Every structure is written in structure tokens, then in C-alpha cells.
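K.L.:
Below is one structure. I have some questions about it.
The values are calculated or read from the model by the stated rules, or taken from the named source; none is laboratory data. Predicted, not measured: the structure shown is a model, and the values here were computed from it. Note that we place each Cβ from the backbone using ideal geometry, even for glycine, and neighbour counts take in every protein chain shown.
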Amino acid sequence: MTDIVTENTVRQAPKRRLPDFGRRNEKIVAGLTIAPGQLLMFFIVAFPAAVAIYIGFTEWTPTSGDNVWGAYHYWHWFDGYWEALTSGSFWHAMWLTVWFMLVAVSVESRWALTAHVDGAVFIDAGTVAPRLGDLDLSALKTSYGVGVRLHTRTTTLGRVDLGISSEGWRVMFKMNDPLALTRSAHRTIVAPFVP
């Protein structure tokens, strides 16, 4: 008896050819592809920042009669910055800013209802005044309420809050985190719910 041996030849798939972009270098094509976005970012971010720095070295104002490109007539280097840093009103404004940050209070307590839904209770309090001496901490305006937060492990997708203050009730839907909390798995605790 004769054994018949058959060989199964495995055919390999044909190698895929990458596009040659008209025989252009891939780096050049990539650069040309992202160039419009980079130009847009330049004119939205870098150009206005450079103009603001340029104006900061001058005494030009919009009411000085010249356009912004003529601001070099009013050039004075660091004199404006030095004047601000040695001014009592500048440091008074800085102190008021720090004070207002300390006076405005926002507190929120969250409980995990499920893996991706949190319940929240919050209270906000704050006050404003034109001068530091006019601040009356006994006249803090407060608001409080409850809410629900929908989130993934790292991002808050949306929240619905029901709040009440001296101005009345308000329902708010937002797609951000009010306190910009960082999330991690060990901070999420699922609370049991029994009807």
C-alpha cells in the first residue's frame, strides 16, 4: 500500500504597499497636513500673546490716538511693570484677590450610587465688596442643593443639580466637574441601595 502525502502550502497574503504620495517624503506630507492647524493656533494663541507682551513694554493705550502698530512711539521697557510692582494699589488688589478666594467657599460631598453615577450634596457661600473694609462675613450669600453626576473612571460626563438660594430654585445641567476632582478607582465606593 502506498501512502499519499499531500502538502498544504500556506499562501501568504500579498504585502500591502503604502501610498507613495506622488513620490514625496512622508515627513513632508505630514508637515503639510498639520500646517493649517498650526497656523490657526499661531493666530489664535501666539500672535495675541506676542502683541500683549509688546504693548506691555509701551505706554500705548487704545485712546492714545495711534493704532497698536504705532505703540513703539511710547516705548519704555520695564517702567510699567516696575511701576505696578511698587504701587500700593497693585498689592492691595492682589490682597483682595487672595481674600476673595478665601472667602468664597464651595463644599461638595459625593456618594457613589453605582460605578458611574454619584449623588452629591453641596453648599456654596460667598460675598463681595468694593473694598476690603466693607466685607461683612455675617452677610454671606449661601446656596445649597443636591445633584447627580454621571462619570467614567477619569472624566465627568454630565451633572444635574437642583439648588436653592435667596433667589429661588434652579435646575442646572452642566457637562463639567464643579470642583475638577481627580478620579481613581480607589476613591469610588459603591454604596448599597435597599428599597
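K.L.:
Of the numbered conditions (1) touching a strand residue (DSSP E or B) at 6+ places or on another chain (Cβ under 9 Å); (2) surrounded by 13 or more Cβ atoms within 10 Å (Cβ to Cβ); (3) of a type in the set (A, V, I, L, M), I55 fails exactly one; give the number of that condition.
P.N.:
Of the numbered conditions (1) touching a strand residue (DSSP E or B) at 6+ places or on another chain (Cβ under 9 Å); (2) surrounded by 13 or more Cβ atoms within 10 Å (Cβ to Cβ); (3) of a type in the set (A, V, I, L, M), the odd one out for I55 is (1).
K.L.:
Just name the residue that is modelled with the lowest pLDDT out of those in the range 116-133 that are within 17 Å of S106 (Cα to Cα) and either among the small types (G, A, S) or touching a Gly at 6+ places or on another chain (Cβ under 9 Å) (or both).
P.N.:
So, considering only residues that are within 17 Å of S106 (Cα to Cα) and either among the small types (G, A, S) or touching a Gly at 6+ places or on another chain (Cβ under 9 Å) (or both), the one modelled with the lowest pLDDT is G126.
K.L.:
Conditions: (1) surrounded by fewer than 12 Cβ atoms within 10 Å (Cβ to Cβ); (2) within 16 Å of S165 (Cα to Cα); (3) not charged (D, E, K, R). T127 meets all but one. Number of the miss?
P.N.:
Going through (1) surrounded by fewer than 12 Cβ atoms within 10 Å (Cβ to Cβ); (2) within 16 Å of S165 (Cα to Cα); (3) not charged (D, E, K, R) one by one, T127 breaks only (1).
Okay, residues lined up against (1) outside the structural domain of P130 (by TED's automatic domain parsing); (2) more than 32 Å from the chain's Cα centre (by Cα); (3) closer than 29 Å to L135 by Cα:
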position: G56; (1), (2), (3): yes, no, no
position: T63; (1), (2), (3): yes, yes, no
position: G70; (1), (2), (3): yes, yes, no
position: H73; (1), (2), (3): yes, yes, no
position: W77; (1), (2), (3): yes, yes, no
position: F90; (1), (2), (3): yes, no, yes
position: M94; (1), (2), (3): yes, no, yes
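K.L.:
Another question, if that's okay. Looking only at the range 90-112, which residues are surrounded by 15 or more Cβ atoms within 10 Å (Cβ to Cβ), closer than 19 Å to K174 by Cα and either in contact with a helix residue (DSSP H, G or I) (Cβ under 6 Å, 6 or more places away or on another chain) or not basic (K, R) (or both)? Full working, then the answer.
P.N.:
Quick first cut of the range 90-112, residues surrounded by 15 or more Cβ atoms within 10 Å (Cβ to Cβ) only: 96, 100, 103, 108, 110, 112.
Next, from what is left, pick out any that are closer than 19 Å to K174 by Cα: 108, 110, 112.
Matches in the range 90-112: E108, A112.
K.L.:
For V51, indicate whether it is over 30 Å from Y74 (Cβ atoms), of a type in the set (A, V, I, L, M, F, W, C) and modelled with pLDDT under 85. Give the steps one after another, and end with the answer.
P.N.:
On the way: over 30 Å from Y74 (Cβ atoms): no; of a type in the set (A, V, I, L, M, F, W, C): yes; modelled with pLDDT under 85: yes.
Taking the combined requirement at face value, the residue does not satisfy it.
K.L.:
Looking at the range 134-155, can you tell me whether even one residue there is modelled with pLDDT of 90 or more, surrounded by 14 or more Cβ atoms within 10 Å (Cβ to Cβ), hydrophobic (A, V, I, L, M, F, W, C) and touching a strand residue (DSSP E or B) at 6+ places or on another chain (Cβ under 8 Å)?
P.N.:
yes
K.L.:
What is the one condition in (1) farther than 30 Å from F78 by Cβ; (2) at pLDDT 75 or above; (3) over 28 Å from the mean Cα position of the chain (by Cα) that L40 does not satisfy?
P.N.:
Only one criterion is unmet by L40, namely (3).
Results for (1) more than 22 Å from G163 (Cα to Cα); (2) touching a Phe, Trp or Tyr at 6+ places or on another chain (Cβ under 8 Å); (3) in a helix (DSSP H, G or I); (4) among the aliphatic types (A, V, I, L, M), shown as yes or no for each residue.
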| site | (1), (2), (3), (4) |
| --- | --- |
| W60 | yes, yes, no, no |
| W82 | yes, no, yes, no |
| H92 | yes, no, yes, no |
| L96 | yes, no, yes, yes |
| V107 | no, yes, no, yes |
| I123 | no, yes, no, yes |
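K.L.:
For residues that are in a strand (DSSP E or B), among the small types (G, A, S) and over 23 Å from the mean Cα position of the chain (by Cα), scanning just the range 156-188, find the one that is modelled with the highest pLDDT.
P.N.:
Restricting attention to the range 156-188, the residues satisfying the condition of being in a strand (DSSP E or B) are 156-165, 168-174.
Those left that are additionally among the small types (G, A, S): 158, 163, 165, 168.
With over 23 Å from the mean Cα position of the chain (by Cα) added as a condition, the list becomes 163, 165, 168.
Numbers: G163: 94, S165: 90, G168: 91.
Checking each candidate, the answer is G163.
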